[in-house]
Every structure is written in C-alpha cells, then in structure tokens.
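To start, the structure itself, in structure tokens.
The values are calculated or read from the model by the stated rules, or taken from the named source; none is laboratory data. Values in this document were obtained by computation on a predicted structure and should not be read as measured data. Note that each Cβ is placed from the backbone with ideal geometry, even for glycine, and that neighbours are counted across all protein chains shown. Calculation scope for accessible area: heavy atoms of the full protein, side chains included, ligands and nucleic acids excluded. Shrake-Rupley method; radii C 1.70, N 1.55, O 1.52, S 1.80 Å.
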Amino acid sequence: MEAKVFSIKGEEIKTINLDDAVFNCEVSEGTIYYAINNELANMRVGTASTKGRAEVRGSGAKPWSQKGMGRARAGHRRSPIWVHGGVVFGPKPRDYSYKMPKTMKQSAMKSVLSLKNKNNSLKVVEDFTIESGKTKDIVSILKNLVKDERTVLILKDNDNIIKRAGRNIPWLSFLSYNRLRAHDLFYGKNILLMESAALKLNDFYGKKQQGAAE
C-alpha cells in the first residue's frame with residue numbers, strides 16, 4: 001500500500017510503499033489485549049508485603065485460661081482477629097513478569113499499527129532531527145503535524161538529541177522501531193512514523209521476516 005509522506009512543515013511531499021502485512025493486516029484485538037496486559041505486568045514492581053501471624057511482634061503465650069474467665073477463647077495475641085495481629089493470606093513480594101510468545105507479540109504490534117492506519121491516526125514524516133536539542137524547535141515541528149494530544153513518535157534508532165528536546169512535552173513519547181510498546185501505540189491519539197523507521201518496520205515485521213522465520 002502507498003502512504004503519504006509529510007514534511008516537517010505539514011506538506012505532502014511524496015509517497016512511500018508500506019508493507020500490507022504490517023500496516024494493512026487483519027486486526028487481532030485479542031493479541032493487542034494480551035500484549036498490553038503483558039507490558040503492564042512486566043512493569044509491576046511487586047514489592048507489596050504484609051506480616052503473617054508468625055512474623056508480627058507479640059507474645060506466643062496464651063493470654064488467659066481457656067475456661068472460667070467469661071471471655072472468648074484466645075490462643076495468643078498475634079491472632080489475625082486481634083488488633084495488631086497478623087494478616088491472613090496477605091501479599092508477599094513476587095515477580096509478576098512473564099514472557100509472551102514471539103509470534104503473538106509480533107501479531108499484536110502489526111495489529112495495532114494496522115488499526116491506527118485504518119483510523120487515519122498514523123502519519124509518515126520525513127526524517128528530521130533537532131540539532132539544538134531545544135523543546136521549542138520540536139514544538140514548532142509538531143504543531144504542523146498534530147494537535148496537542150497524546151502522540152507517539154517512532155524513530156529508526158535511539159536519537160538522544162531529539163528525545164532530549166521532547167522530554168518536557170507531557171503528551172509526547174518516543175519509541176524505536178524495534179522496541180515498540182502496544183500500550184503506548186494503542187492509547188496514542190496520533191502516531192508519527194519517521195520515513196526511515198517505516199522502511200525498517202517493513203523489513204522487521206514484513207513478509208521477508210516471516211519467510212526467514214519459516
């Protein structure tokens with residue numbers, strides 16, 4: 001499929017060929033859902049912790065006699081039903097991360113890119129950089145391309161200069177073509193795809209890559 005390429009001034013300058021297997025495939029909502037859940041699970045710290053009845057401070061002696069006191073039976077002061085007692089089945093530090101099958105993850109990325117393309121939320125932009133590293137320079141470019149909405153800019157490599165220029169913009173985030181995140185792409189209102197990154201995605205997720213895997 002052919003897509004328009006826009007200049008940093010917001011003008012259409014040419015067209016580029018995008019692989020249908022990446023940008024115009026059948027959208028699998030299920031794989032997108034599982035990919036987002038996987039990313040959120042991998043981000044969890046898992047440090048929540050509580051003390052059980054064997055860990056809280058307190059005597060293990062029986063508070064009073066079993067019978068004849070006119071009180072309810074009690075074994076020790078660390079009982080979960082007592083104030084300051086232990087917690088029953090409370091959380092303990094754990095690792096929530098897990099691995100997702102590679103083919104399913106690739107399917108999710110292609111599905112979310114195709115979904116954004118079909119919704120006209122994806123725009124290919126000519127390659128540019130911000131030599132000054134100043135926020136005002138990248139803002140002047142973005143205002144010609146998108147509104148002040150949640151936007152993802154996909155780069156061909158780790159361009160630290162352009163990232164430094166845009167780190168103060170709360171609604172802008174950056175992704176590299178080989179390290180996409182389904183969560184950012186799915187919830188982004190606008191996807192700006194650099195021309196060189198689009199060509200890299202054609203090879204990274206396209207039919208050539210599928211053939212090599214087979």
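Tell me, which residue of region 150-163 that is open to solvent by 70 Å² or more (accessible area, probe 1.4 Å) and in a loop (DSSP other than H, G, I, E, B) is farthest from N202 (Cα to Cα)?
Filtering first and then ranking leaves R150.
Somewhere in region 56-72, is a residue closer than 30 Å to K99 by Cβ, open to solvent by 100 Å² or more (accessible area, probe 1.4 Å), within 46 Å of the chain's Cα centre (by Cα) and not hydroxyl-bearing (S, T, Y)?
no
What's the total number of residues in region 77-87 that are of a type in the set (A, V, I, L, M) and surrounded by 11 or more Cβ atoms within 10 Å (Cβ to Cβ)?
1
Would region 17-34 turn up any residue that is farther than 30 Å from V146 by Cα, modelled with pLDDT of 95 or more and either surrounded by fewer than 16 Cβ atoms within 10 Å (Cβ to Cβ) or of a type in the set (F, W, Y) (or both)?
No, that holds for no residue.
Please determine whether any residue of region 112-119 is modelled with pLDDT under 95 and either farther than 26 Å from L180 by Cα or in a loop (DSSP other than H, G, I, E, B) (or both).
Yes: one or more hits.
Got at least one residue in region 88-107 being within 30 Å of N42 (Cβ to Cβ), in a loop (DSSP other than H, G, I, E, B), of a type in the set (A, V, I, L, M) and open to solvent by 80 Å² or more (accessible area, probe 1.4 Å)?
The answer is yes; a qualifying residue exists.
Quick one: K136 ticks every box in (1) within 20 Å of V27 (Cβ to Cβ); (2) open to solvent by 30 Å² or more (accessible area, probe 1.4 Å); (3) assigned to a helix (DSSP H, G or I) bar one, so which box is it?
(1)
Taking the stated definitions as given, is D203 under 17 Å from D137 (Cβ atoms), of a type in the set (D, E) and surrounded by fewer than 21 Cβ atoms within 10 Å (Cβ to Cβ)?
no
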